[in-house]
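Below is one structure, written out as structure tokens, with a few remarks after it.
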Amino acid sequence: MIGYGNSNDGSYVYMGVGSAGVQVFNVTDASNPSIHAFIRTNAVAKECEISGNYLYVSDRSSGIQIYDTKLLKTKASGPTTVVIIFGAIHQIGRII
């Protein structure tokens with residue numbers, strides 16, 4: 001695991017899993033978490049952060065990717081990409 005973020009309502013955990021992208025877990029039942037979706041990123045997903053309905057992912061060589069998570073509960077394929085801010089960010093350790 002490289003980085004993670006929790007949804008505002010506590011139902012989902014977003015886990016950066018390096019070159020595999022971001023794995024989304026449903027943790028509504030904390031004793032029985034389940035894989036809900038997978039988000040394929042352009043490179044190595046380093047860090048995840050949630051703010052409102054948006055998931056921010058720092059992606060080593062592709063910059064920051066922003067995803068709208070509003071449809072996540074109905075779309076097992078993952079949230080919709082809102083914007084990708086290009087540029088290598090391998091020097092950034094944590095999204096604030």
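The values are calculated or read from the model by the stated rules, or taken from the named source; none is laboratory data. Note that this is a predicted model, so its numbers are computed, not measured. Positions of Cβ are backbone-derived with ideal geometry, glycine not excepted, and every protein chain shown enters the neighbour counts.
Consider the stretch 23-49 and keep the residues that are free of Cβ contacts under 8 Å to residues at least 40 places away in the same chain and under 10 Å from the mean Cα position of the chain (by Cα). The one that is nearest to SER61 (Cα to Cα) is THR41. In the stretch 34-49 there is at least one residue that is touching a Gly at 6+ places or on another chain (Cβ under 9 Å), assigned to a strand (DSSP E or B), modelled with pLDDT under 85 and β-branched (Val, Ile, Thr). Of all residues in the stretch 50-66, none satisfies being surrounded by fewer than 20 Cβ atoms within 10 Å (Cβ to Cβ) and among the acidic types (Asp, Glu).
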